[in-house]
Amino acid sequence: MLTKTMDPAKVLKVVGTSPVRPDGVPKVTGQAVYGADTILPGMIWGKILRSPHAHARIKSIDTSKAAALPGVKAIVTGADLPDHKFEYVGPERVAVNYWHMTRNILAREKVLYEGHAIAAVAATTPAIAQQALDLIHVDYEILPHVIDVDEAMKPGAPLLFEDMITRGIEPAPTTPSNIAKRLEFSVGDLAKGFAEADEVVEMSFTTAAVHQGYIEPHSCVARYGADGQCELWSASQGHFVVRAYTAKLLGMDIGSLLVHPAEIGGGFGGKTVVYVEPVAVALSKKSGLPVKIMMSREDVLKATGPTSGASMTVKIGVTKAGKIVAADSTFKFQAGAFPGSPVMNGAMCAYACYDIPNSRAVGYDVVSNRPKSAAYRAPGSPISAFGVESVLDILAKKIGMDPLELRYKNAVSAGSPTAWGPKHAHDGFKETIEALMKHPSYKIPLGKNQGRGVASGFWFNGGGESAATLHVNEDGSVVVATGSMDVGGSRASMALMAAETLGIPYDKVRSTVADTASIGYNHVTGGSRVTYATGIAVVQACNTVIEDMRGRAALTWDVSIDDVIWEDGHAKLVAGHAGDHAPLSLAAIAAKRAVTGGPIVAEAAVNAGGMAPGFSTQFYDVEVDPETGHTKILRVVAAQDVGRAIHHDYCEGQIQGGVVQGIGWALNEEYVYDKEGHLSNAGFLDYRIPVASDLPHIDVVMVEVPNPNHPFGAKGVGEVNIVPPMAAIANAIEQATGKRMTSLPMSPPKVLAAIDG
Amino acid sequence: MTAAHIVLTSGFSRRYTNGVKEFDIDATNVRGLLKAMDQLYPGLAEILEEETAIAIDGELHEVVYTQVLRPGCEVFFIPRIEGG
């Protein structure tokens, strides 16, 4: 329920500081247990056979020779998993179709991309498992393939699904295509809006599919007992969702599957789905032994979800005075081999920063012979922003207006309309623009071959279901447990919020992530929801404990609970109360827990709404080498509304991390396919993510416009920072070279070709 | 009781309410709202619960029965968003 819980006048002692994270020492000393580190007695090794073809019909799979190999304990194919009804379940953007999902886990009728899993073997050693894979014979009928999204949409393109009819078009098409869905958001009168414009720019853009680039490949260990009870150790962004998907795919009761959250080596959205977990459970069930599966980097790049590449056309009209009067765009997103790109998000976010009276955003979700796309930081928003924010830059030049000024003149605030219906309820965007306008670096003169580009971005942020428990130990220390996987430092932020609420030092709080049998449901760590939603649950649990403490103090003092307040970690008598009792600390009350009623425990569960969106505005100074086309990032200033920073340094780190990933997306990262549809750069040597030497210091400006719906005013900080970089860098390159880059990545060969062209 | 003003997306209204996009419904919380809409269009409540989020005067929420509706508030049912 929405309650205005924040007191903006309250002076905070712990929230907003930057203590060492609880998981820091284990991680830097190598003691942290990641998914690949779990070893169980009797454990055997699973490996997965993957398709060498981009598109082929599976005529038969012969596993007999592999099964006969000594040391092989189990083999599974798609036929060993229960099939599922063809239906879309759940919210439209993330609608799950288990008919599709089970075919992505292990192919059935067809393989749809190079690297598509076909069969899995569990053996006593990894070498034997690999040897067994080589003995599996798959008889393929190779089919024509299609990689590019525009090619996939053409009539006559090879069809991944011969019966797929585009959803969202009425009347429904009568012929199948690779277009899984069409959607549209529109407001106002486009013709009227463009008629009012003094300048109109229409331009087409493409973006490349890019991987989240998490350092830790997917891995898990499964143990399926003879009693039908199963345990799974998995690194993911949500062990409850891993449990739900795995149980559903295998036809298990959810209660029979316990998922332990391993430490996670990065996710960025890519670990909100399952790949190896159902396979490991199936192999363990069949073999009767614990099974570990670890992906290689090549597996990760070939078979797990990148975010979509896209093709788009953006048309925007503006008056000479700088009012954006109309916008009309079409976004075509690669879904990968199964429907489900973030095109809806892209269409909804495209104009969300701006008050535009007439707009339309049309989206297409298109399948092609690539791995199924997965979420990646603010999924969809960075893609549409590349087009929209590039066109705005061109328009600003045409009307002779500073690009920040143009954005400021059209910036949304609370009460501004959105293209998808409701009004904005929160401020925060204008403040990010003002922060850059005032920033001294924005005035630094540029040299030869140098340019400065700005761009802005929007992301919804998240709320949703979270649970937390709080235990007060007998010495007054506190344990906070949640079911939210700690991807970006949430254990620290939960401890900070608990310490602040209880009035105790940060180091008296131990913050943990509990397994699926030890706490209530928590949705994934994604969408920038945990500090908000799980934070609310933690604070509610703390407040329940405070009430309990007040009651116990009242019992000890023989007074009414109404005569007891909680202040600075102590129960105190209200001012003016007759009596002489020294304040009781949390530790003092905890020491008498037995006689005052037993263990001091609280739990809270929420389905949190009222989250506020994230806005970011950034500028980049670049220098382009006219001889090589190489773009050097000289300076980055990234302003973002964080609501209120709970852990100051981690907020800064989130923003810097998003910027770095955006720089990679802008300048280098792409999937390179050969003519046969094989991925040519499935490794970090050839799929080039940014390294420290590519980067300048990233100057972060945290704007704090608190969200009154959160106890401390927090807004999600993990996503919106990746939205502006690609367009901002393109805008900077244009200023440096006079050439407009419309295709990502803006790698040296492309920039050089533009300069020479 | 003062009515809340309800708005559906074009897609939802086309599929489920014969194209009617806007309603005024007397309800003090989301449960009451869904119940009233389900009486108008049987089965709609379950679809809205499953597939949408709501924006109440612009504030985004999951569909939660106990969510209070301020008299005269504007309620949009919009597609639910998930992130990375």
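Calculated FRET efficiency, A:Tyr34 and A:Thr125, Cβ-Cβ r, R0 22 Å, to nearest 0.05?
0.55
Could you check the simple spin-label distance between A:Glu170 and A:Asp568, using points 7 Å along Cα→Cβ, in nm with one decimal?
Rounded to a tenth, the inter-label distance reads 6.5 nm.
Give me the Debye-computed log₁₀ of I(q)/I(0) at q = 0.06, 0.08 Å⁻¹ for the protein assembly as shown, equal point scatterers on Cα only, no solvent, two decimals.
Taking Cα atoms of the protein assembly as shown as identical point scatterers yields -0.40, -0.72.
Starting from the Cα of A:Lys47, draw a straight line to each of the lysines and keep only those under 17 Å, dropping any in the same chain fewer than 8 residues away.
Cα-Cα hits under 17 Å: A:Lys65, A:Lys73, A:Lys285, A:Lys286, A:Lys292, A:Lys302.
Subtracting the Cα-Cα distance from 0.36 nm times the residue separation, let me have the gained length for A:Val601 to A:Thr319 in nm, one decimal.
95.4 nm
Starting with the highest mean, order A:465-473, A:71-79 by the number of other Cβ atoms within 10 Å, averaged over the residues of each peptide.
A:465-473, A:71-79
Counting other C-beta atoms within 10 Å, which of A:Met348, A:Met203 has the fewest, and how do the rest follow?
In order of increasing Cβ crowding within 10 Å: A:Met203, A:Met348.
Given charges of +1 on the Cβ of Lys and Arg and -1 on the Cβ of Asp and Glu, with all other atoms neutral, how large is the dipole of segment A:648-757 about its Cα centre, in debye to the nearest 20?
260 debye
If you consider only alpha-carbon coordinates, what radius of gyration and Dmax does segment B:3-79 have, in Å?
10.9, 28
Hey, can you rank A:711-722, A:537-548, B:12-23 by average C-beta count inside 10 Å, highest first?
My ranking of the peptides, most packed first, is A:711-722, A:537-548, B:12-23.
Once label points are set 7 Å from the Cα along Cα→Cβ at both B:Asp38 and A:His439, what is their separation, rounded to one decimal in nm?
Going from the B:Asp38 label point to the A:His439 one covers 5.0 nm.
Magnitude of the Cβ-charge dipole of chain B, K/R +1 and D/E -1, about the Cα centre, nearest 20 debye?
Rounded to the nearest 20 debye, it is 180 debye.
Using a 10 Å cut-off around each Cβ of peptide A:413-421, what is the average number of partner chain Cβ atoms that fall inside?
Counting Cβ atoms of other protein chains within 10 Å of each residue's Cβ and averaging gives 3.
Using a Förster distance of 51 angstrom, determine the FRET efficiency expected from the C-beta separation of A:Asp674 and B:Tyr65, and round it to 0.05.
Computed FRET efficiency for A:Asp674 and B:Tyr65: 0.40.
Would you work out the charge dipole size for the protein assembly as shown about its Cα centre, treating the Cβ of every Lys and Arg as +1 and the Cβ of every Asp and Glu as -1, and quote it to the nearest 20 debye?
820 debye
Would you mind calculating the gained length between A:Glu202 and A:Ala575 on full extension (0.36 nm times residue separation, minus the Cα-Cα distance), in nm to one decimal?
127.4 nm
Can you order the peptides A:512-521, A:553-562 by their average number of other Cβ atoms within 10 Å per residue, highest first?
Ranking, from highest mean packing down: A:512-521, A:553-562.
Along the charge dipole of segment A:463-608, which of A:Val601, A:Ile536, A:Gly464 sits closest to the positive end, that is, farthest toward it, with unit charges on the beta carbon of Lys, Arg, Asp and Glu (+1, +1, -1, -1)?
A:Gly464
When the helix-only estimate is applied to chain A (DSSP H runs of n ≥ 4, each -39,500 (n - 2.57), divided by the residue count), what is the mean residue ellipticity at 222 nm, nearest 500 deg cm²/dmol?
Theoretical 222 nm ellipticity from helices: -7500 deg cm²/dmol.
Taking a label point 7 Å from the Cα of A:Ala594 along the Cα→Cβ vector, which residues of segment A:464-478 have an amide N closer than 14 Å to it?
A:474-475
For peptide B:51-58, what's the mean number of Cβ atoms from other chains within 10 Å of each residue's Cβ?
Average neighbour count from other chains, rounded to a whole number: 6.
Every number here is computed from the coordinates shown, using simple stated rules; none is lab data. Every value quoted in this text rests on a predicted model; they were computed, and no experiment measured them. Backbone-built Cβ (ideal geometry, glycine too); neighbour counts: all protein chains shown.
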